[in-house]
Amino acid sequence: MRGLLFIAYFLTCSCNAQDHNIKITINNKNNYYFDKEKLMAVVSSKKDSVSFTYRDSLILKIEKHKTGRLISYVNFVYDVNNNISDNFIFPEDYYDYFEKFYARVLYTNKYKLLDRDFVYIDAVLDQEKKKYYSKETKIFEFNLDKNVRMLNAKFSPFAYGTILKKIKLYVVNNFLVELDAMLVEEPNGEIIYYKKHYEYDKEGRLSSSKTINVISGEIEDQDKIEYKAW
């Protein structure tokens, strides 16, 4: 019953639309429901959904619903520093949901949509804090001495490649406008270069992105993002 009420709440739009209640649709597929800039639920076109429970800014619980029925959930336990221990076990793909929208991206990043592209390079950014925090630099370049693997995750921000070797970020007026990357695809060891371009609307929200293969010039992937009240 709780799951059924949850689905009805987000799909009927019975509440009055408010400025801080925003539904984000990416490529006419999944709908992301935000209260201000806090993600509350993800509802797919098949009426499957995921809901989030918080304490302040920390996710305490994620629940999965299928056609109105609760099918699984996970509770997160934090230490005194509000960190999850390294040996915490993330069942199913809950790790993807937890990390996808809460990576540490410092640029203008409304609704944390850029986090989807930075999930697996947080460690790199942390190692380069001095360069990354510089307000004068418009280009941030990271040459990695060690491979940063994608850990065979179901979710990957990269069109191809499992090893990240080099990354360059172009920032204009505190907006990330381009990402250049060098990847090594396994198991054949092929080196792949690509650029990802980002565009924003007049309110500073990410409106579209496209990934271009530098060698072929072809578009490998692209997103179109729409915003509506709910």
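Would you check which residues across region 168-201 are among the β-branched types (Val, Ile, Thr) and either more than 20 Å from LYS138 (Cβ to Cβ) or open to solvent by 30 Å² or more (accessible area, probe 1.4 Å) (or both) and list them? Break it down stepwise before answering.
Here is the first cut: in region 168-201, the residues among the β-branched types (Val, Ile, Thr) are 171-172, 177, 184, 191-192.
Result: VAL172, VAL177, VAL184, ILE191, ILE192.
Are any residues in region 83-105 open to solvent by 80 Å² or more (accessible area, probe 1.4 Å) and in a loop (DSSP other than H, G, I, E, B), and if so, which ones?
To start, the set of residues in region 83-105 that are open to solvent by 80 Å² or more (accessible area, probe 1.4 Å) comprises 83, 86-87, 89, 92, 95, 104.
Within region 83-105, ASN83, ASP86, ASN87, ILE89, GLU92, ARG104 meet the criteria.
Hey, among the residues in region 202-219 that are open to solvent by less than 70 Å² (accessible area, probe 1.4 Å) and without any contact (Cβ under 8 Å) to a residue 12 or more places away in the chain, which one's nearest to ILE26 (Cα to Cα)? First the steps, then the outcome.
First pass over region 202-219, keeping only residues open to solvent by less than 70 Å² (accessible area, probe 1.4 Å): 204-209, 211-213, 216-217.
From what is left, the residues that are without any contact (Cβ under 8 Å) to a residue 12 or more places away in the chain are 216-217.
Numbers: SER216: 26, GLY217: 24 Å.
Ranking the candidates gives GLY217 first.
With the checklist (1) over 18 Å from the mean Cα position of the chain (by Cα); (2) modelled with pLDDT under 75 in hand, flag the one item MET182 doesn't pass.
The single condition MET182 does not satisfy is (2).
Take residues that are out of contact with any Phe, Trp or Tyr (no Cβ under 8 Å at 6 or more places or on another chain) and charged (D, E, K, R) and tell me which of the strands (runs of 3 or more DSSP E) falling wholly in region 164-228 contain 1 or more.
Values: elements: 175-185, 190-200, 206-213.
Qualifying strands (runs of 3 or more DSSP E): 190-200, 206-213.
Let me confirm something: among LEU70, LEU58, LEU39, which residue is modelled with pLDDT of 90 or more and over 30 Å from SER209 (Cα atoms)? Spell out the reasoning first.
Working: LEU58 fails: over 30 Å from SER209 (Cα atoms); LEU39 fails: over 30 Å from SER209 (Cα atoms).
Answer to the check: LEU70.
Can you give me the number of residues within region 45-79 that are in a loop (DSSP other than H, G, I, E, B) and exposed (fewer than 12 other Cβ atoms within 10 Å of the Cβ)?
Just the residues of region 45-79 that are in a loop (DSSP other than H, G, I, E, B), to begin with: 45-48, 56-57, 67-68, 76-79.
Those still in the list that are exposed (fewer than 12 other Cβ atoms within 10 Å of the Cβ) too: 45-46, 56-57, 77, 79.
Count: 6.
Applying the selection to region 51-90, what residues are of a type in the set (Gly, Ala, Ser) and either over 21 Å from LYS23 (Cβ atoms) or within 19 Å of the chain's Cα centre (by Cα) (or both)? Please lay out each step first, then the result.
Initial filter on region 51-90 (of a type in the set (Gly, Ala, Ser)): 51, 57, 68, 72, 85.
Matches in region 51-90: SER51, SER57, SER72, SER85.
The values are calculated or read from the model by the stated rules, or taken from the named source; none is laboratory data. What you see is a predicted model; the values in this text were computed from it and never measured. A quick note on method: Cβ atoms are made from the backbone with ideal geometry, for glycine too, and the neighbour counts reach across all protein chains shown. Side chains are part of the model used for accessible areas, which takes the heavy atoms of the whole protein and leaves out ligands, DNA and RNA. Shrake-Rupley method; radii C 1.70, N 1.55, O 1.52, S 1.80 Å.
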